[in-house]
Structures are given as C-alpha cells and as structure tokens.
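To start, the structure itself, in structure tokens.
The values are calculated or read from the model by the stated rules, or taken from the named source; none is laboratory data. Just so it is clear, the model here is predicted, and its values are computed rather than measured. For neighbour counting, all protein chains shown are included, and Cβ atoms are generated from backbone atoms with ideal geometry for every residue, glycine included. Calculation scope for accessible area: heavy atoms of the full protein, side chains included, ligands and nucleic acids excluded. Shrake-Rupley method; radii C 1.70, N 1.55, O 1.52, S 1.80 Å.
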Amino acid sequence: MPSDLNMLLPEIINLRKELHTYPELSGQEYETAKRIWKFAEKHAHTARIETFGKTALAIIYEFSKKGKTIAIRCELDALPIQEENNFAHKSVNIGISHKCGHDGHMAMVSGLIFWLEAQPIQKGKVILLFQPAEETGKGAQMLVHDKKFEALDIDYVFALHNIPKEPINSIIITPRGFSAEVQSVIIKTKGKEAHAAEPENGINPALAISKIIGEMALLNHTDSHLDDFAVLTPVHLWMGEKAYGISPANAELHYTIRTWNSAQMSDLTSKIEALVEQICRMHKLDFSLEWLEYFPASINNTECNDQIDKAALENGLEIIEKNHPFRFGEDFGWYSKKYKTAMFGLGSGVDSPALHHADYDFPDEILDTGIRMFASIIQNILE
C-alpha cells in the first residue's frame with residue numbers, strides 16, 4: 001500500500017483550488033495546461049513533458065527496464081455554468097466553472113508526481129495524461145488519432161470520476177462498463193412559409209415535429225437493468241418566430257440519446273433516421289439530421305477492473321459494485337476502442353451537490369484516496 005502521501009496534500013489542495021479559480025471551456029484550456037506544466041516543472045524532476053494538439057500534455061516517467069506502459073488520465077476543461085458559491089477559490093471567469101470536478105481529477109493525477117519521484121520502480125512507463133475537451137467528446141478522440149500519442153505504445157489507461165450521493169471515499173466499480181454511449185442529433189425540417197390566416201397555402205412543420213416527438217418517445221427503454229436500455233431526451237425545440245401573422249416554414253428539434261453500447265446505438269440511430277424520413281415525407285417537408293457530440297461507451301476491461309478491486313482492498317476502502325454503467329457520457333470510451341481500460345467512481349459524499357450543479361465543489365477530502373488508488377494500481381502492475 002502506498003504510504004507517506006498525507007504530507008503532500010497541502011500542495012495538492014492549493015493546486016486544486018487554483019485550478020478551480022481559473023476554469024476554461026473545452027478546447028480553450030491554454031492557461032490550465034500552463035498551470036499543470038509549471039507544477040510539473042517544479043516537482044517532476046525525473047520526468048519529461050510532452051504536448052499533443054493545442055492543450056493536451058503528458059508527464060512521462062520512463063524507467064530503466066522494459067515493462068508495461070500505464071496512462072492515468074484526467075480532464076482539463078470546465079463547464080459553461082455560473083458558479084453560485086462564495087468561497088475564496090470561486091471561479092473568477094464569468095459563466096465558467098469546474099462543476100464536474102475536473103479540477104480535483106487534475107490535482108490527484110498531479111499528486112502522483114510526488115509518489116513517482118520517490119519510488120524505486122525499475123521497469124515500465126507511467127504517463128500522467130491531462131486531456132482537453134472531455135465535455136464535448138472531442139479531447140480523447142483527438143488523442144487516439146494522434147500519431148505522436150500512438151507512439152507512446154500504451155498498454156493500460158485508467159481514470160476515475162468523483163460521484164456525488166455515494167459514501168465519501170467509497171470505490172464504485174462497474175464491471176459492465178463505466179458510462180453510457182451518448183450521441184446528440186439535430187433534426188432540421190423545412191416547409192413553406194404562408195400567411196397565418198391562410199396556412200393551407202404553406203407547409204407548417206408543427207404537426208410533423210409533434211409526430212416525431214411522439215414516435216421518439218416510444219423508443220425509450222428507461223430501466224437501467226435492461227440490455228436494450230435507451231433514453232431519448234428532447235433538449236431544444238425551435239420553430240418560426242414570434243410573428244403572429246406568419247405560418248412558419250422551418251423548425252429544429254435537438255435530442256440527446258443514450259444506450260449501453262455501440263451496437264444498440266447504431267440500431268437506434270437507424271430507427272430514428274427512418275421515422276424522421278417517413279414523417280417528413282408524409283408532411284412534404286425537406287429534412288436533415290446532424291449527428292454530433294459522440295461519446296463512445298466506456299468499457300471496463302476485466303483485468304483492469306481486477307486491478308481497481310485489488311487497489312481498493314489494499315487501501316481498506318469500501319467497494320460498491322453497480323450492475324450497470326452510469327447514464328452520463330464520458331469520452332474515456334475512445335480509449336476503450338484501442339487499449340485495455342477501466343474507469344472507477346470515487347464517492348464524494350452523500351450530501352454533496354450533484355455534478356453540473358451551480359453550487360458543486362470538488363471535496364478535498366477525497367484527493368488522498370484518489371492518489372492512493374492510482375499509486376496502488378501502478379505499483380501492482382509494474383512490480
């Protein structure tokens with residue numbers, strides 16, 4: 001079991017609060033990456049730092065003998081949410097804040113520097129990976145298609161996510177996978193504008209949109225225990241203008257769709273495309289579908305899950321096993337397509353505000369636990 005990490009917490013807490021104070025949106029994490037770089041330059045004396053794309057960076061420890069390569073991944077980006085908290089480290093960037101806990105994830109992975117600097121590890125390679133743009137699903141996708149990143153020859157990728165409403169410092173293991181497959185779609189329709197007094201002279205999309213919403217609702221299978229689990233959530237609707245003399249021509253309908261795996265998602269998207277085409281042709285509307293913000297399902301490799309379980313037992317932590325993934329999207333699934341991967345949950349307290357809520361703040365009490373978990377996983381694989 002890794003030891004002597006508690007004395008490092010003040011520096012790690014200070015970094016966490018600094019990152020929280022200066023959040024940046026997906027794809028714009030330039031200053032955040034600089035802060036991590038400066039922290040690594042100060043403390044990672046035996047590592048090298050490499051960059052990928054515009055803001056991704058890796059702190060790489062390569063030991064003397066050949067062995068496995070382990071990447072520990074965290075996220076750089078924040079959310080477009082105005083913070084409601086009033087503590088000293090609150091966000092100074094209007095309308096932007098760390099409401100998913102990525103500040104804490106970065107602090108934990110940065111905290112591993114102190115442990116790695118002190119370890120007599122003889123073989124293998126450890127990569128502390130700081131990834132941009134998780135919230136838009138683009139960061140991990142960029143990295144797995146980057147030739148320079150591919151050349152790192154990674155064997156395993158591990159990550160965690162803090163989980164509010166679960167006992168603090170508990171470890172949540174999900175054997176079937178960590179997170180859902182998520183895809184968003186914009187359905188655009190185009191009819192013909194007319195005077196509101198003579199709508200029969202135009203093609204108003206309202207009835208078609210109503211029919212699409214009704215048919216999409218029938219595709220829901222919201223019981224998480226079902227293998228054909230599917231959630232289709234309408235998130236935005238636009239039609240016409242606030243002009244009461246005009247029967248509108250155009251409309252847009254936005255959905256987010258969730259399943260447990262890629263095969264289900266492929267089947268569901270085909271059904272959606274077919275029903276939209278059928279309804280729009282029936283109502284003589286032109287239409288298009290734009291698929292975006294794709295988050296592949298995060299698959300937990302059995303060997304990797306066993307390592308998480310072993311690390312939790314070694315550290316005397318409560319283990320909570322879930323029989324199905326979390327419903328939220330997580331672009332960690334891109335790594336699952338190429339590497340042995342696993343992601344686990346770290347309980348952040350039953351009274352913690354929920355993720356993406358304006359009053360959320362990452363609990364510093366779980367920093368040490370996250371560091372110990374990752375350190376145990378690294379130690380057990382490279383020993």
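Among the residues of the stretch 308-345, count how many are part of a strand (DSSP E or B), more than 12 Å from the chain's Cα centre (by Cα) and of a type in the set (A, V, I, L, M). Quick ask: steps written out before the conclusion?
Initial filter on the stretch 308-345 (part of a strand (DSSP E or B)): 319-321, 326, 340-345.
Still in the running and more than 12 Å from the chain's Cα centre (by Cα): 319-321, 340-342, 344-345.
Add one more test, that the residue is of a type in the set (A, V, I, L, M), and what stays is 319-320, 342.
Qualifying residue count for the region: 3.
Here Leu313 clears all of (1) modelled with pLDDT of 95 or more; (2) among the aliphatic types (A, V, I, L, M); (3) in contact with a helix residue (DSSP H, G or I) (Cβ under 9 Å, 6 or more places away or on another chain) except the condition numbered (3). Applying the criterion of being touching a strand residue (DSSP E or B) at 6+ places or on another chain (Cβ under 8 Å) and part of a loop (DSSP other than H, G, I, E, B) to the residues of the stretch 211-221, the residue that is farthest from Glu277 (Cα to Cα) is Asn220.
For the stretch 96-119, the count of residues that are surrounded by fewer than 20 Cβ atoms within 10 Å (Cβ to Cβ), under 26 Å from the mean Cα position of the chain (by Cα), over 25 Å from Asn301 (Cα atoms) and of a type in the set (Lys, Arg) is zero. Filtered by the rule that a residue be touching a Lys or Arg at 6+ places or on another chain (Cβ under 9 Å), over 21 Å from Leu19 (Cα atoms) and either without any contact (Cβ under 8 Å) to a residue 12 or more places away in the chain or assigned to a strand (DSSP E or B) (or both), the stretch 120-145 gives Lys123, Gly124, Lys125. Glu215 passes every criterion in (1) out of contact with any helix residue (DSSP H, G or I) (no Cβ under 6 Å at 6 or more places or on another chain); (2) at negative phi apart from (1).
Could you grab me the full set of residues in the stretch 222-252 that are of a type in the set (D, E, K, R) and outside any loop (DSSP other than H, G, I, E, B)?
Passing the criteria: only Glu252.
What do you reckon, is Ile163 out of contact with any strand residue (DSSP E or B) (no Cβ under 7 Å at 6 or more places or on another chain) and either open to solvent by 40 Å² or more (accessible area, probe 1.4 Å) or more than 18 Å from Lys337 (Cα to Cα) (or both)? No; evaluated as a whole, the condition is false for this residue.
So, Ser26, is that one crowded, with 22+ Cβ neighbours inside 10 Å, under 17 Å from the mean Cα position of the chain (by Cα) and among the hydroxyl-bearing types (Ser, Thr, Tyr) or not?
no
Any residue at all in the stretch 199-210 that is of a type outside the set (Asp, Glu), more than 16 Å from Asn250 (Cα to Cα), touching a residue at least 24 places away in the same chain (Cβ under 8 Å) and in a loop (DSSP other than H, G, I, E, B)? No - not one qualifying residue is present in the stretch 199-210. Here the stretch 281-302 is the region considered, the condition is being open to solvent by less than 70 Å² (accessible area, probe 1.4 Å), touching a Lys or Arg at 6+ places or on another chain (Cβ under 9 Å) and not in a strand (DSSP E or B), and the residue that is nearest to Gly191 (Cα to Cα) is Leu285.
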